[in-house]
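Working notes, beginning with the structure itself.
The values are calculated or read from the model by the stated rules, or taken from the named source; none is laboratory data. Computed from a predicted structure; not experimentally measured. So basically every Cβ, Gly included, is an ideal-geometry build from the backbone, and we count neighbours across all protein chains shown. With ligands, DNA and RNA removed, areas are computed over all heavy atoms of the protein, side chains included. Shrake-Rupley method; radii C 1.70, N 1.55, O 1.52, S 1.80 Å.
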Amino acid sequence: MGQPEIAQEHIIVTGGASGIGASVVEDLTGRGALVTVLDLQQAVSEERPATVDYMRVDVTDEPAVQTAVARARQRGGQVTGLVTCHGIRGSFLPALDLDFARTRNVLDVHVLGTLAVSREVVRGLEGAPASIVTVSSTTAFGGWEKQSDYGVAKAAVRQLTENLAIEWAPLGVRVNSVAPGHTLTPMVQEMIDGGYDPGAVFARTPLGRFATPGEMAASIVFLLLDATFVTGQCLAVDGGWTVVGK
Ligand SMILES: NC(=O)c1ccc[n+]([C@@H]2O[C@H](COP(=O)([O-])OP(=O)(O)OC[C@H]3O[C@@H](n4cnc5c(N)ncnc54)[C@H](O)[C@@H]3O)[C@@H](O)[C@H]2O)c1
């Protein structure tokens, strides 16, 4: 049996030019959805289906986000869904060594960037239902060393998801989150190139490997389109990472 047809959907994907976001775009366009990508960069892949529109936008620039979402609506019609897959790495430094300019940027990109795009989409819904999936991280579960920027930002995204789910349920908007475990994307490849040890990750992960971006996209699309009575949840897609030692 093939994938269900979702040609009536118009979904915005932030960070859709690379990694997990690019896989979400591929999954959605493969099912026939119209997709608008908002990203700092152009698509990394050369293959661009005609049903994807790429706009270069910094999600921390609120006026630019407002313009982009309005243009997306003009070109693709009512927005029915949003996936916020944009993101940057943290400093991976002890709290005592954090440079606050960079810390502010990490918080800004992940937390305010997610909020800026989400509320711009919701403001334009005019009573139509919609679904949002944000992207958190396993670092949002519990305490970790060297995660006082990125981990705190991702915990805030998880919390924001719960708050927005409650505020926007009466508007017919579901808001959920996926917390990826280690997923082999350009972001993680960069970490490995900088000396991060995949062997230690595999040893700590019950399923013993990295996730693929496609596996992450499948869970995101499930929450976005199929899980119609789920809202406010954060689904850890992590090969068992967060249940170790529970
Ligand atoms: N890869 C992992 O193992 C992993 C684990 C946990 C969480 N995550 C999260 O998943 C999301 C996707 O990560 P990825 O691994 O695919 O990374 P990636 O670097 O491959 O893709 C991130 C995309 O976000 C875009 N982006 C960054 N800042 C932006 C901004 N200010 N405005 C617009 N676009 C911006 C980048 O240009 C890039 O295309 C991120 O939120 C990341 O924190 C990833």
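Structure above, values below:
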{"read-out": "Degrees between helix 19-30 axis and first principal axis of the chain (Cα, 0 to 90, nearest 10)", "value": "30 degrees"}
{"read-out": "Radius 14 Å from Cβ of A72, net charge of other residues (Lys, Arg +1; Asp, Glu -1)", "value": "+1"}
{"read-out": "Probe 1.4 Å - accessible area at S45, Å² to nearest ten", "value": "60 Å²"}
{"read-out": "Qualifying GluC sites (Glu not before Pro) in the stretch 92-165, DSSP loop, other Cβ atoms within 10 Å at most 12", "value": "E126, E145"}
{"read-out": "Rounded FRET efficiency, nearest 0.05, which uses the C-beta distance separating L184 from A70 and R0 of 41 Å", "value": "0.70"}
{"read-out": "Nearest-20 debye value, the stretch 1-116 charge dipole, Cβ charges on Lys, Arg, Asp, Glu", "value": "180 debye"}
{"read-out": "Charge context of W241, other residues only, Cβ under 12 angstrom, K/R +1, D/E -1", "value": "+2"}
{"read-out": "Cβ-based net charge around M191, under 13 Å, with every Lys or Arg adding one and every Asp or Glu removing one", "value": "-1"}
{"read-out": "Loop-located chymotrypsin sites (Phe, Trp or Tyr not before Pro) in the stretch 149-246 whose Cβ has at most 14 other Cβ within 10 Å (DSSP)", "value": "Y196, F229"}
{"read-out": "I166 paired with E145, simple spin-label distance in nm, labels 7 Å along Cα-to-beta-carbon", "value": "3.5 nm"}
{"read-out": "By accessible area with a 1.4 Å probe, ligands and nucleic acids excluded, highest first: order of D226, D27", "value": "D226, D27"}
{"read-out": "Test item: Cα-centred dipole of the stretch 108-246, Lys/Arg +1 and Asp/Glu -1 on Cβ, debye", "value": "280 debye"}
{"read-out": "Point-charge dipole on Cβ atoms (K/R +1, D/E -1) for the stretch 17-83, about Cα centre, debye to 20", "value": "300 debye"}
